[in-house]
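These notes are about the structure you will find just below.
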Amino acid sequence: MHDQQQSQQQSQSEQGAPQELAAPDVRPLDGFTVGVTAARRAEELGTLLERRGAQVQHAPALRIVPLPDDTELLAVTQDLVDSAPDVVVATTAIGFRGWIEAAEGWGLGEALLGRLAGVELLARGPKVRGAIRAAGLTEKWSPASESMAEVLDRLLEEGVSGRRIALQLHGEPLPGFVEALRAGGAEVVGVPVYRWMPPEDIGPVDRLLDALTGGGLDAVTFTSAPAAASLLRRAEERGIREEVLAALRHEVLTVCVGPVTALPLQALDIPTLQPERFRLGPLVQVLCRELPGRVESLPVAGHRVEIRGHAVVVNGALRPVPPAGMALLRALARRPGWVVSRADLLRALPGAGRDEHAVETAMARLRVALGAPKLIQTVVKRGYRLSLDPHADTDKYGGE
């Protein structure tokens, strides 16, 4: 009887062991911090990122200023009413609605709608198509790709020589688009419905720049080319442009919603990624794929360890780590298995001064946060090392 009970207890223990070791699924962006520079739909993008585990730092690099009283928009609208274009390209829903509303405010709403009803009206995507139909109009065509490149291809294929084409601008100059049409013989009339302006509160932008240069960001997202240009302009005003460029070129993953948005960054040799579909959801999917893929999984003291931006994944379990502990862990992980002296660790520790006791205190907290103290070995009178497993490629890592 005793043997049977002991056997049952052993069986229950064996069945329970995996449950004790099981960890909740780590979301793809757990442990990463992502900067969001968008002014419009920033809350939507932030929510998508947070649902996948990211810590979001929001810093709108621009604000959109409508132009109902702008003399330039009024002049262009009057010109198009007086001399009808052959083609009108509507690029954004907010811009198209703003144009119609501004025209109504000037008493030109009916005349403008009458003109638009009689021209070839092209819509860049489904949202602007909805705005066109809400105004009582019908678009002639809209590209499946939602790409201005496809719009351009269609126009050039039709032939643009001698045609008057009105292009509703959306805060971005689209120089290649306009130049290609003009090279084909078209007259291009830009419709500046709204302008991008610097944010009224520059504080969040400065904090984002500080995080960029200080290692506090793993990725930054851009949903418009003017936002990218504005961020770099602010960096130049602060005298940190080169530091920001270096971070974007090497440490921080830069993801843009589409190729037009990426242009000002790529012109500065900043590598960027874009989703195949120019939408927020696919942009987040790019981050979910790329950020975890940049993290190396190390075999340490019988555990699998992934060092993420502000947290560590140990055997599939997320372990939040204080900033000081992350600084020490990164210093150790640069040469896994090698001993790192207390002096070198002190230099890696933010704001630690000259007291090596700060290293010991931060190290003790780090071990508690990791939940596996043996991951980091104390080497008496020398320093600390990550306890890289003996079966790992020790030559590669320089282990002893």
Go through the range 150-159 residue by residue and tally those that are of a type in the set (A, V, I, L, M) and without any contact (Cβ under 8 Å) to a residue 60 or more places away in the chain. 2
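Check every one of the helices (runs of 4 or more DSSP H) wholly within the range 202-264 and list those with 1 or more residues that are open to solvent by 20 Å² or more (accessible area, probe 1.4 Å), touching a residue at least 60 places away in the same chain (Cβ under 8 Å) and over 11 Å from Ala61 (Cα atoms). First the steps, then the outcome.
On the way: elements: 203-213, 225-237, 241-250.
So the answer is 203-213.
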Here are some conditions: (1) touching a residue at least 40 places away in the same chain (Cβ under 8 Å); (2) on the phi > 0 side of the Ramachandran plot. Gly107 meets all but one. Which one does it not meet? (1)
Could you list, in sequence order, all residues of the range 343-370 that are open to solvent by less than 50 Å² (accessible area, probe 1.4 Å) and touching a strand residue (DSSP E or B) at 6+ places or on another chain (Cβ under 9 Å)? Ala343, Leu345, Ala348, Val359, Met363, Leu366, Ala369, Leu370
Only one of these is over 29 Å from the mean Cα position of the chain (by Cα), surrounded by fewer than 20 Cβ atoms within 10 Å (Cβ to Cβ) and closer than 16 Å to Arg97 by Cβ: Ala180, Ala135, Ala117. Name it. Ala135
Among the candidates Val305, Val284, which residue alone is part of a helix (DSSP H, G or I), crowded, with 21+ Cβ neighbours inside 10 Å and in contact (Cβ under 8 Å) with a residue 60 or more places away in the chain? Val284
Which one of Ala102, Ala93 is in contact (Cβ under 8 Å) with a residue 12 or more places away in the chain and more than 29 Å from Asp153 (Cα to Cα)? Ala102
Only unsatisfied item for Val151, checking (1) open to solvent by 20 Å² or more (accessible area, probe 1.4 Å); (2) at pLDDT below 95; (3) in contact with a helix residue (DSSP H, G or I) (Cβ under 9 Å, 6 or more places away or on another chain), is (1)
Hey, does the range 27-44 have a residue that's within 30 Å of Val295 (Cβ to Cβ), of a type outside the set (Phe, Trp, Tyr) and touching an Asp or Glu at 6+ places or on another chain (Cβ under 6 Å)? yes
Test Glu276 against the stated conditions and say whether it is open to solvent by 40 Å² or more (accessible area, probe 1.4 Å), assigned to a loop (DSSP other than H, G, I, E, B) and of a type in the set (Asp, Glu). yes
Any chance Asp30 is in a loop (DSSP other than H, G, I, E, B) and open to solvent by 70 Å² or more (accessible area, probe 1.4 Å): no
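The values are calculated or read from the model by the stated rules, or taken from the named source; none is laboratory data. Computed from a predicted structure; not experimentally measured. Cβ coordinates were reconstructed from backbone atoms using ideal geometry, including for glycine residues, and neighbour counts include every protein chain displayed. Calculation scope for accessible area: heavy atoms of the full protein, side chains included, ligands and nucleic acids excluded. Shrake-Rupley method; radii C 1.70, N 1.55, O 1.52, S 1.80 Å.
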